[in-house]
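Below is one structure, written out as structure tokens, with a few remarks after it.
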Amino acid sequence: MGGGNEEVVKMTKVKVRFAPSPTGPLHIGGARSALFNFLYARRYGGELVIRSEDTDVERSRREYEDEIIESLEWLGINWDEGLKVGGANGPYRQTERADMYQELVDDLVDRGLAYPCFCTEEELEEERKQLLEQGEIVRYRGRCRNLSEEERRARLAQGIKPAIRLQVPPGRVYVVEDLVRGNVVFESDTMGDFIIMKSDGLPTYNFAVVIDDHLMGITHVIRAEEHLSNTPRQLAVYEALGFTPPKFAHVSLILGKDRQKMSKRHGATSVIQYRQRGYLSEALVNFLALLGWAPEGEEEILTLDDMINSFSLDRVAKNPAVFDIDKLNYINQQYIKQKTISELKEALRPFIAESPYADRVQKLGEDKYGLLVEGIRDYLVCLADVKENLSIFFDDPDYTPEAVEVLRQEGVGQVLDACQERLPDSFTQFDEAKKFLKTLIKETGFRPKMVYMPLRAAFTGLTRGLELPYLMSVWGSDECRRRLELARQQLPG
RNA sequence: GGCCCCAUGGUCAAGCGGUUAAGACACCGGCCUUUCACGCCGGUAUCAGGGGUUCGAAUCCCCUUGGGGUCACCA
């Protein structure tokens, strides 16, 4: 493994980037791209740049940029240069780099490699429609390419603001050297002259990305596969500008259950949403890494450091991956179980704070809160699940038919009586409650099952759930008594 | 539609010409346990189809089929 890549990596210092456009929260797919870039940089001792591609003035918003940064930080992805941290190649927002692009566009126009296009949206639409009907390649055919100087001046005089198009050389072949896909060949004749600068004076993506990557010294462009088809356009820009292209690596997309590109229809698609549902960042990162990358060993539960130490583009898959929430859930549970009780107590606080049980948990005190957390730990798939578990502790039981059935069994009344009679004045420990139940069984001679099940049903209204001693010790004797009374109403006769 | 990418179980995937085709999730069964969950043990299940190349193909080539991406004054 390794092969050619490794050599390039050794010769030049790796510098990668993640360049989201701030038109929405950080998407799961974007997060994975960011992660792969991060892992690649750290693995090879390189640098990661984060910049903002905000040339779509309509849709870009500064709040989204902040949100994306927050999500990246939450995931544990840090960077060496760019937004927030600054660096020698700034600014890191494309709208703030407008003059750089302008200068290069002017140069291309002067050299006859680009030209102003005065076509209206309607004209372009018409052309597209015609080509489509004729079954031809849909592309710009260069109507404005050969306008004379007078014609250009005339249109300018009419106040028409032109867009600038790159003159794409005909009959050429562009080869994208892709580290995960190998060489991918495109013919220049299929792309037509495309716009590099919009009439608002801002560059288009295919132009700006090239300049930024070049000026920032990016050596490897790792991004989603949806960009693969655009890469030849960028190669044309590199060529016109006389820049050397970086290495590319196009990672396949993340799909929903129906094998369509992940979208809102599939439920939560942003990092923020997963955070809010109580997925741990370590778990999300671990899961995302496994979507498209395979570690060498059999162990799949990996920390960020584990991944940094073994990440390689050679082990990145070419085929798209379906987002499997079951697996994420499993991984999240693994991380929850790995946490110490005190870590988990902290992690759970925000989720409890927004539940209806905040006050009651508060009143419990730290020791009992710890007991509660210990009791529910194995029942949490994600942190937000704490809410339902809290309900068992704090809400009055809502007896299920199964529970009622258990309570109506012969002899249950005696069990409840015996329990009530022997309840000590207080429990404060799990062990005390556990011992109490054992003693109850021993002294009364009831079968264990005839004690545990009815008591569970009586206390919680359910026939399943966490261990009774946790519940009892958190409640204390008075609450246990109160619940026994409640349960009596469900008894026959 | 043109161009491009992709194709191993339900899902993520290992595999890079010779393997009993790993592993994980999910599912099913068993054990543990006061129940459920956790945990442990075990099981079902995959090379899309067709042609080649080869002594030998999941692995290489071609076609078909299927899925996806892209063709914007969005990124």
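Where a number appears in this text, it was derived from the coordinates with a stated rule and is not lab data. In this text the structure is predicted, and so the values were computed from the model without any measurement. With ideal geometry, Cβ positions are generated from the backbone for all residues, glycine too; neighbour counts draw on all protein chains shown.
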Self-check item: Karplus (6.51, -1.76, 1.60) ³J(HN,Hα), θ = phi - 60°, over region A:182-188, in Hz, Gly and Pro reported as x
Solution: x, 7, 10, 9, 10, 9, 5
Self-check item: For region A:192-197, Karplus couplings with θ = phi - 60° (6.51, -1.76, 1.60), whole Hz, Gly/Pro x
Solution: x, 6, 10, 7, 10, 9
Exercise. Give the cysteines in chain A for which no other Cys Cβ lies under 4.7 Å away, or write none if there are none.
Key: A:Cys119, A:Cys382, A:Cys419, A:Cys480
Quiz item: Say each of A:Thr95 and A:Leu156 gets a label point 7 Å from the Cα, pointing the same way as Cα to Cβ; how far apart are those two points in nm?
Solution: 2.8 nm
Exercise. Select from region A:414-493 those trypsin sites (Lys or Arg not before Pro) which occupy a DSSP coil region and have at most 14 other Cβ atoms within 10 Å, ordered by residue number.
Key: A:Arg464
Quiz prompt | Near-label residues of region A:88-119 by backbone N, under 18 Å of a point 7 Å along Cα→Cβ of A:Glu58 | solution = A:95, A:119
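Just flag the trypsin sites (Lys or Arg not before Pro) in region A:170-273 sitting in loop per DSSP whose Cβ has no more than 10 other Cβ atoms within 10 Å. Kindly include the intermediate steps, with their values, before the conclusion.
Values: sites: A:Arg172, A:Arg181, A:Lys198, A:Arg223, A:Arg233, A:Lys247, A:Lys257, A:Arg259, A:Lys261, A:Lys264, A:Arg265; in loops: A:Arg172, A:Arg181, A:Lys198, A:Lys257, A:Arg259.
Passing both the DSSP loop test and the Cβ count: A:Arg259.
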Quiz item: Mind checking the angle between helix A:325-338 and chain A's longest principal axis? C-alpha axes, 0 to 90 degrees, to the nearest 10.
Solution: 60 degrees
Quiz item: Shape of region A:378-427 from its Cα gyration tensor (a ≥ b ≥ c, root eigenvalues): rounded if a/c is under 1.5, otherwise prolate when a/b > b/c, or oblate?
Solution: oblate
Quiz item: Does anyone have the angle between helix A:430-444 and the longest principal axis of chain A? Alpha-carbon axes, 0 to 90°, nearest 10?
Solution: 40 degrees
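Once the piece of chain linking A:Glu402 and A:Val184 is laid out straight, how much longer is it, given 0.36 nm per residue of separation minus the C-alpha distance between them? Working shown, then result.
Working: separation 218, 0.36 × 218 = 78.48 nm, distance 6.25 nm.
Stretched fully, the A:Glu402-A:Val184 segment lengthens by 72.2 nm.
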Quiz item: Pairing the Cα long axis of helix A:205-215 with the longest principal axis of chain A, what angle in degrees results, from 0 to 90 and rounded to the nearest 10?
Solution: 90 degrees
Quiz item: Which one of A:Asn286, A:Leu484, A:Ile69 is farthest out on the positive end of the charge dipole of chain A, using unit charges on Cβ (Lys, Arg +1; Asp, Glu -1) and the Cα centre as origin?
Solution: A:Leu484
Quiz prompt | Prolate/oblate/rounded call for region A:396-485, Cα gyration tensor, a/c under 1.5 rounded | solution = oblate
Quiz item: lysines within cross-link reach of A:Lys363: Cα-Cα under 20 Å, excluding same-chain residues under 8 positions apart?
Solution: A:Lys345, A:Lys387
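How do A:Met453, A:Met197 rank when sorted from fewest to most other Cβ atoms within 10 Å of their own Cβ? Let's see the in-between values first.
On the way: A:Met453 19, A:Met197 28.
Ordered from fewest to most neighbouring Cβ atoms within 10 Å, A:Met453, A:Met197 come out as A:Met453, A:Met197.
In debye, nearest 20, what is the charge dipole magnitude of chain A about its Cα centre with +1 on Lys and Arg Cβ and -1 on Asp and Glu Cβ, if you could check?
About 800 debye.
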Exercise. Mind sorting A:Thr269, A:Thr444 by how few other Cβ atoms lie within 10 Å of their own Cβ, fewest first?
Key: A:Thr444, A:Thr269
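Name the GluC sites (Glu not before Pro) in region A:295-393 that are in a loop by DSSP and that have at most 12 other C-beta atoms within 10 Å, would you? All intermediate terms of the calculation are to be shown ahead of the outcome.
Numbers: sites: A:Glu296, A:Glu298, A:Glu299, A:Glu300, A:Glu343, A:Glu346, A:Glu354, A:Glu366, A:Glu374, A:Glu388; in loops: A:Glu296, A:Glu298, A:Glu299, A:Glu300, A:Glu354.
Counting only loop positions with at most 12 other Cβ atoms within 10 Å, the GluC sites (Glu not before Pro) in region A:295-393 are A:Glu296, A:Glu298, A:Glu299, A:Glu354.
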Exercise. For each of A:Thr244, A:Thr95, A:Thr231, A:Thr219, count neighbouring Cβ atoms within 10 Å of the residue's Cβ, then give the residues from fewest to most.
Key: A:Thr244, A:Thr95, A:Thr219, A:Thr231
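Semi-axes of the equivalent ellipsoid of region A:28-75: what are they in whole Å, largest first, if each equals the square root of 5 times a C-alpha gyration tensor eigenvalue?
Working: eigenvalues 107, 28, 17 Å².
Working through the eigenvalues yields semi-axes of 23, 12, 9 Å.
Extension gain A:Ser342-A:Ile301, at 0.36 nm per residue separation less the Cα-Cα distance, in nm?
Details: separation 41, 0.36 × 41 = 14.76 nm, distance 2.17 nm.
Stretched fully, the A:Ser342-A:Ile301 segment lengthens by 12.6 nm.
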